[in-house]
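Shown next, in structure tokens, is the structure this report addresses.
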Amino acid sequence: MDTQLIGIILMLLLGGGLLAGLYIAGRDQEEGDPLMRRLQEYGDRELPASLDELEMSLSRKERIVVPAFNALAGVLGGFAPENQIQMIQMKLDRAGKTEADPSMFFAQRIFLTVVLGIGGFVLFFFLTDWPVIRAVIGTVVFTLLGYFLPMLQLTSQIKKRQDGIVKALPDALDLMTICVEAGLSFDMAMGKVYEKWDSDLAQAFGRVLQEIQLGKLRREALRDMSERLDVPDLTTFAAAIIQADQLGVSIGKILRVQADQMRVKRRQRAQEKAQQAPVKMMIPMVFLIFPSIWIVLMGPSVIFLVEQGIVGGI
């Protein structure tokens, strides 16, 4: 009886497997290879008959505005001084815009200067009744604003990026210390920071690793990173690692000392900002909060004195 039951179960399993195989084979035959199906989808798409049709499928901005501006930027960028281009490139690198073209940025500044200058001229000389001196001053202010506004925005982005690097550096050093003490090399520890984090500091470490893989010496890559980011704490860290590499000092000890120092500096910065808070709060308190309090407290009394004629007599 047991043998017959086992035979029935085996027959059911074989039959189920045969049906499943036939179903999968039939489905594959209907659907076909996924790669071939994907290629057929691309093949079934309608292709443009000519380059003109392909160009007309783009928007007016992509067909007219962007090429015209790129051509104008190329012409204006050719007149830029070399030191100006180098300075803009350095600031773009510090802001994390490594793919940006410094000549294009310079052309944007010139273009915005001309546009705001013409706009200010039309506004103050034709649309307002201002005197000539005031209109000239307003036009000059608009022109200077157009020239310095992109650079001010870029400087703000640099400051924000540097602050983020300073805040992330102590935690990154802690992670690197743990990795090095666990047996990893310094480069692999930097790779862990680049792998686990998504921040500007991690991207900087990743660029250092790429430069090392391309053949640059570690000390040169670290020195270039410190010059590129211009963060004092990161410069100190890079100098300590370079010195330890040259003298043969343990990297783990250097990382632990640097991590302790960075945490102390972060605590000191927090205390400094806490000490500056009362001074910064004084301006809004004096010019905004105190007048409102005086109006609420003294307003009814002043109204009463005016109605009684006492204030007028005084």
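Between P291, P300, P278, P284, which is part of a helix (DSSP H, G or I), out of contact with any helix residue (DSSP H, G or I) (no Cβ under 8 Å at 6 or more places or on another chain), without any contact (Cβ under 8 Å) to a residue 24 or more places away in the chain and under 30 Å from P170 (Cβ atoms)?
Among P291, P300, P278, P284, only P278 is part of a helix (DSSP H, G or I), out of contact with any helix residue (DSSP H, G or I) (no Cβ under 8 Å at 6 or more places or on another chain), without any contact (Cβ under 8 Å) to a residue 24 or more places away in the chain and under 30 Å from P170 (Cβ atoms).
Which members of segment 135-153 meet the condition of being farther than 28 Å from R94 by Cβ and not hydrophobic (A, V, I, L, M, F, W, C)?
The answer is G138, T139.
Within segment 193-222, take every residue that is more than 21 Å from the chain's Cα centre (by Cα) and farther than 18 Å from V249 by Cβ and give me the one that is surrounded by the fewest Cβ atoms within 10 Å (Cβ to Cβ).
So the residue we want is G215.
Of the conditions (1) within 17 Å of the chain's Cα centre (by Cα); (2) surrounded by 17 or more Cβ atoms within 10 Å (Cβ to Cβ); (3) closer than 30 Å to F237 by Cα, P170 satisfies every one except a single condition; which number is it?
Here P170 clears every test but (1).
Examine segment 101-112 for a residue that is small (G, A, S) and surrounded by fewer than 17 Cβ atoms within 10 Å (Cβ to Cβ), and state whether such a residue exists.
Looking for residues that are small (G, A, S) and surrounded by fewer than 17 Cβ atoms within 10 Å (Cβ to Cβ), one finds none in segment 101-112, hence no.
Pairs under 9 Å by beta carbon, first residue among the hydrophobic types (A, V, I, L, M, F, W, C) in segment 153-166, partner not in a helix (DSSP H, G or I), six or more apart or different chains?
Matching pairs, first to second residue: L154/A95; L154/K97; I158/A95; I158/G96; I158/D230; I165/S199; I165/V231; V166/V231.
Wholly within segment 130-229, which helices (runs of 4 or more DSSP H) include no fewer than the required count, namely at least 2 residues that are in the same structural domain as T113 (by TED's automatic domain parsing)?
132-181
The values are calculated or read from the model by the stated rules, or taken from the named source; none is laboratory data. In this text the structure is predicted, and so the values were computed from the model without any measurement. Reconstructed Cβ throughout: ideal geometry from the backbone, glycine too, with neighbour counts over all protein chains shown.
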